[in-house]
1. Do any strands (runs of 3 or more DSSP E) lying entirely in the stretch 1-49 carry at least 2 residues that are touching a Pro at 6+ places or on another chain (Cβ under 9 Å), and which ones are they?
2. Name the residues in the stretch 24-52 that are surrounded by fewer than 21 Cβ atoms within 10 Å (Cβ to Cβ) and among the charged types (D, E, K, R), would you?
3. How about the stretch 114-137: which of its residues are loosely packed, with under 14 Cβ neighbours inside 10 Å and assigned to a loop (DSSP other than H, G, I, E, B)?
4. Would the stretch 15-25 turn up any residue that is among the small types (G, A, S) and either in contact with a Cys (Cβ under 8 Å, 6 or more places away or on another chain) or farther than 16 Å from V115 by Cα (or both)?
5. Looking at the structure I just gave you, is I99 within 27 Å of E11 (Cβ to Cβ), assigned to a loop (DSSP other than H, G, I, E, B), under 15 Å from the mean Cα position of the chain (by Cα) and aliphatic (A, V, I, L, M)?
6. Please go through the stretch 51-75 and pick out each residue that is in a loop (DSSP other than H, G, I, E, B) and modelled with pLDDT under 95.
Amino acid sequence: MAKDFRELLVEASRHDVFGRFFKELQVGLKVVISFQASTTHACEPAETLDDPYAYKKWEVALRQINKPISVPKVGAWTYLKNNVWAKKFDLPEFQNCMIGDYLTVAEAQQCFEDVIAYAMTNNQLESEDDVTVVEPDENLKRKGGCGGCAGAKRTAKPKAAEAE
């Protein structure tokens, strides 16, 4: 079982009108997960509380660094969409992320664990200790990884040994 997601939350900003935002969590090379709760989010209670453990339900967003998360067979959503908690997620118009409203603490935790499992299964994360905190909506570049076939440097082919 992964660490409680609430232990990793770091407040990024707080505003009377726009609510509070927590920084996002980058899980491996591709997926970023965001847990939010304040007066402006789909959470319960719909208040900006100082204690993240006081919330019963959370707004959770999943996005991918390199492509929209919902691209079939490329996006992580292909792997994640069959989980029970995924039924609460939708792809808002003009956005590249999936957003789930009013996830219970247990559903949000399971979502976090499933994202970690996805990253580990796909060799994008070695350990849950490698989950990093990033600024909200930060335009991230992939960390490490092979870069795919297009990212490979071309090397000169070795010359065939001359016949003697």
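1. Numbers: elements: 11-15, 19-22, 24-27, 31-36.
Qualifying strands (runs of 3 or more DSSP E): 11-15, 19-22, 31-36.
2. E44, E47, D50, D51
3. Taking the stretch 114-137 as the starting set, the residues that turn out to be loosely packed, with under 14 Cβ neighbours inside 10 Å are 121, 123, 126-127, 129, 133, 135.
Scanning the stretch 114-137 gives N123, E126, S127, E135.
4. So in the stretch 15-25, the residues among the small types (G, A, S) come out as 19.
With either in contact with a Cys (Cβ under 8 Å, 6 or more places away or on another chain) or farther than 16 Å from V115 by Cα (or both) added as a condition, the list becomes 19.
Yes, some residue in the stretch 15-25 is among the small types (G, A, S) and either in contact with a Cys (Cβ under 8 Å, 6 or more places away or on another chain) or farther than 16 Å from V115 by Cα (or both).
5. Values: within 27 Å of E11 (Cβ to Cβ): yes; assigned to a loop (DSSP other than H, G, I, E, B): no; under 15 Å from the mean Cα position of the chain (by Cα): yes; aliphatic (A, V, I, L, M): yes.
Criteria not met by I99.
6. The initial filter retains those residues of the stretch 51-75 that are in a loop (DSSP other than H, G, I, E, B), namely 51, 55-56, 65-75.
Those that are in a loop (DSSP other than H, G, I, E, B) and modelled with pLDDT under 95: I65, N66, K67, P68, I69, S70, V71, P72, K73, V74, G75.
The values are calculated or read from the model by the stated rules, or taken from the named source; none is laboratory data. Treat the numbers as computed from the prediction; the structure is a model and nothing was measured. Quick reminder, even Gly has a Cβ in these numbers, built from the backbone with ideal geometry, and neighbours come from all protein chains shown.
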